[in-house]
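A short worksheet on the structure shown next.
The values are calculated or read from the model by the stated rules, or taken from the named source; none is laboratory data. Computed from a predicted structure; not experimentally measured. Here the Cβ positions follow ideal geometry from the backbone for every residue, glycine too, while neighbour counts run over all protein chains shown.
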Amino acid sequence: MCKAPERRRGAARAPRARRQRKEGRVTVSVHPLFFALGAYCLFAGSFFAFLAVTVAAVIHECGHAFYAARIGCRLARLRLLPCGAVAEGNIDGISLADEIRLALAGPAVNAACAAAFVALWWLFPEAYPYTETACYASATLAAVNLLPAYPLDGGRVLFCIAAKRKGERFARALCSVTGKLFGLAFFGLFVAGLFIAPNPSLLFFSLFLLLGGVGARDCRYERIRFDFSRELSRGAPVRRIALSERATFKRALSFLERGTLAEFEIFSEGGDYLCTLTQAELCELLSSAGIYEPLSSRLRGKEGAAEDFSGRVP
């Protein structure tokens, strides 16, 4: 095995384990406007549509969370908003390209759900009356979230592109302006609709954009940590993966799966075996590494790591 990072012993282990389990929990919070919109939909007879949109929003955030897990981050908090949901955590250190992919993962999942419903109608037309609302909710969330208005996903993509070309200060100002403009536009549609067919959803959505998400300014994902106690108490299969020492931590993380433990056989560029990394050791090394760093940068950089590369048998 590669030399594992130093661990506290004795009584210090218990507080650390409790802290890791606490950090692994996902907290859920609800914005006050969410209850207001739900109450209105209940009295207006459209509560089922409200539930469909809420479920589609949660699935949307799961899309973000699944991609985040692929790059070493995890969902830390889910906040239900009047017109959707927001996942929070910490993604400091990821590239703008990965941040764009992370932003687009949610709309992509909604679009896939909508396409699946359409395919279902093609095969089983009788299912249309039962799935119509869910399909339109998914399609609408996918389309709306692509608008270049912060804090929507399209606004996050706009921020990344602007930050890459003009810097983060310019990107923040641009996203603030576009978000307010779209908020005013939707508020104008709400006012215009008062003379035809009032649509309170437009009012709630415009407020959401004008207020910048209210509490959702720092929507990030925390660096992933795994609590192995549950898997080990039940018994878990071990997967062995062969990787080059030049593979990145991001690549290694893509092989991790819930319910299994991974062991990584690390090889040199010439194909020689170097060492074995357990899943726990990988996560320990990742705590002080960037996800785009090659594995060799941390293994060879540790004191005494050279000895760990000296022909150990797996």
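In table form, for the structure just shown:
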{"quantity": "Residue within region 82-102 that is more than 17 Å from the chain's Cα centre (by Cα) and either surrounded by 14 or more Cβ atoms within 10 Å (Cβ to Cβ) or at pLDDT 85 or above (or both) present", "calculated": "yes"}
{"quantity": "Test: residue in region 240-248 that is out of contact with any strand residue (DSSP E or B) (no Cβ under 9 Å at 6 or more places or on another chain), at pLDDT 85 or above, surrounded by 14 or more Cβ atoms within 10 Å (Cβ to Cβ) and β-branched (Val, Ile, Thr)", "calculated": "no"}
{"quantity": "Residue check for ARG74: modelled with pLDDT under 80 and touching a Ser or Thr at 6+ places or on another chain (Cβ under 6 Å)", "calculated": "no"}
{"quantity": "Count - residues of region 42-59 that are touching a helix residue (DSSP H, G or I) at 6+ places or on another chain (Cβ under 7 Å) and surrounded by fewer than 18 Cβ atoms within 10 Å (Cβ to Cβ)", "calculated": "3"}
{"quantity": "Contacts under 8 angstrom Cβ, first residue in region 28-42 being outside the structural domain of PRO198 (by TED's automatic domain parsing), partner β-branched (Val, Ile, Thr) and part of a helix (DSSP H, G or I), 6 or more apart", "calculated": "none"}
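For (1) in the same structural domain as ASN110 (by TED's automatic domain parsing); (2) touching a residue at least 60 places away in the same chain (Cβ under 8 Å); (3) surrounded by fewer than 21 Cβ atoms within 10 Å (Cβ to Cβ); (4) part of a loop (DSSP other than H, G, I, E, B), each residue gets a yes or a no:
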residue	(1), (2), (3), (4)
LEU146	yes, no, yes, yes
PRO151	yes, yes, no, yes
GLY155	yes, no, no, no
PHE159	yes, no, no, no
ALA185	yes, no, yes, no
GLY188	yes, no, yes, no
